[in-house]
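The values are calculated or read from the model by the stated rules, or taken from the named source; none is laboratory data. Quick caveat: nothing in here was measured; it's all calculated off a predicted structure. In this analysis, Cβ positions are derived from the backbone assuming ideal geometry, glycine residues included, and neighbour counts consider all displayed protein chains. SASA here: full protein model, heavy atoms, side chains in, ligands and nucleic acids out. Shrake-Rupley method; radii C 1.70, N 1.55, O 1.52, S 1.80 Å.
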Amino acid sequence: MATIKRDEKGDDAPGSHDQAGASGAYSNSAIAMMPPGQAVPAAERERVLGVKIARAMLSGPREITKDATVAEMGADGSLIILRQGTNDWVCFPGDENEIGNVPMCADPMGLQWMMDIMAKKPKPTNTAPGLIYMLCGATQHSNTDPFDRTSPAIPIGPHWMIIWPYDAKRCGLPNTVRDAGAWVMFDGTPYAYLHICGSPWIGNEYGPGQVPIWTMRYGRQLEP
């Protein structure tokens, strides 16, 4: 189980900022807007905390995130609570400067799976299917190796995930990244799960060297 700490200051998340992630729809400027009529906090740490909470709350359905706990992951694997919630969900603001560190919202089994993969355990320990939402989109290093931390970013559109063992061939599903539809991520590994962006088999497959066009259809990079 995750160790829980509280962030008294709302300071920046611990960890490295040396890997450039694709900002896309979950950049601070894109999603962390102050509500109309609400004053911008004077203190920088309050502004930082407000941006983090705004990012986290946009990661999943409003009916879930409005009552969810907002937290960050500490360097030691503990949860640093930014806002205590009243349901079983935990939402994370992510960091737009780090590949794979994206806004997300997880139920308890999804959170357990996420903690396991971050700890590089041989296999996940969630005992029931979990759910994770990433409705702001995401980047990640690989769709085949759950422990890849060095490959270039793969951009992925808004999606949600069923965290339970899936086999692409057995289920009759693809195992390649696409801008719509469903596929099995990390197929053939203990961390395989179902990744959903709409209805199965709709959309274009991602290929190396392609960039995200804001419709989240994959295509060749436009000339400057």
* To do: Tell me which residues, restricted to the stretch 114-130, are closer than 17 Å to Ile64 by Cβ and open to solvent by less than 50 Å² (accessible area, probe 1.4 Å).
  => Met114, Gly130
* Asked: Can you name the residue in the stretch 82-93 that is in a strand (DSSP E or B) and farther than 22 Å from His141 by Cβ and, of all such residues, is most open to solvent (accessible area, probe 1.4 Å)?
  -> Arg83
* Structure fact -> Residue hits (the stretch 119-150; closer than 26 Å to Val211 by Cα and among the aliphatic types (A, V, I, L, M)) are Ile132, Met134, Leu135, Ala138
* Answer with yes or no whether Ile4 is under 25 Å from Leu131 (Cβ atoms), in contact with a strand residue (DSSP E or B) (Cβ under 8 Å, 6 or more places away or on another chain) and at pLDDT 55 or above. => no
* To do: Please indicate, with yes or no, whether at least one residue in the stretch 210-217 is more than 24 Å from Leu79 (Cβ to Cβ), β-branched (Val, Ile, Thr) and assigned to a strand (DSSP E or B).
  => yes
* **Lone qualifier among Asp148, Asp179 - being farther than 18 Å from Thr69 by Cβ, in contact with a Ser or Thr (Cβ under 6 Å, 6 or more places away or on another chain) and open to solvent by less than 40 Å² (accessible area, probe 1.4 Å)** => Asp148
* When Gly60 is evaluated against the numbered criteria (1) at pLDDT 95 or above; (2) open to solvent by less than 50 Å² (accessible area, probe 1.4 Å), which criterion, by number, is the only one it fails? -> (1)
* Asked: Does Glu96 satisfy the criteria of being assigned to a strand (DSSP E or B), in contact (Cβ under 8 Å) with a residue 12 or more places away in the chain, surrounded by 23 or more Cβ atoms within 10 Å (Cβ to Cβ) and not small (Gly, Ala, Ser)?
  -> no
* To do: Return the residue satisfying two criteria in turn: it lies in the stretch 187-224 and is of a type in the set (Ser, Thr, Tyr) and at pLDDT 70 or above, and of such residues it is surrounded by the fewest Cβ atoms within 10 Å (Cβ to Cβ).
  => Thr189
* Structure fact -> In the stretch 162-176, residues that are under 14 Å from the mean Cα position of the chain (by Cα) and either part of a loop (DSSP other than H, G, I, E, B) or buried (at least 20 other Cβ atoms within 10 Å of the Cβ) (or both) total 1
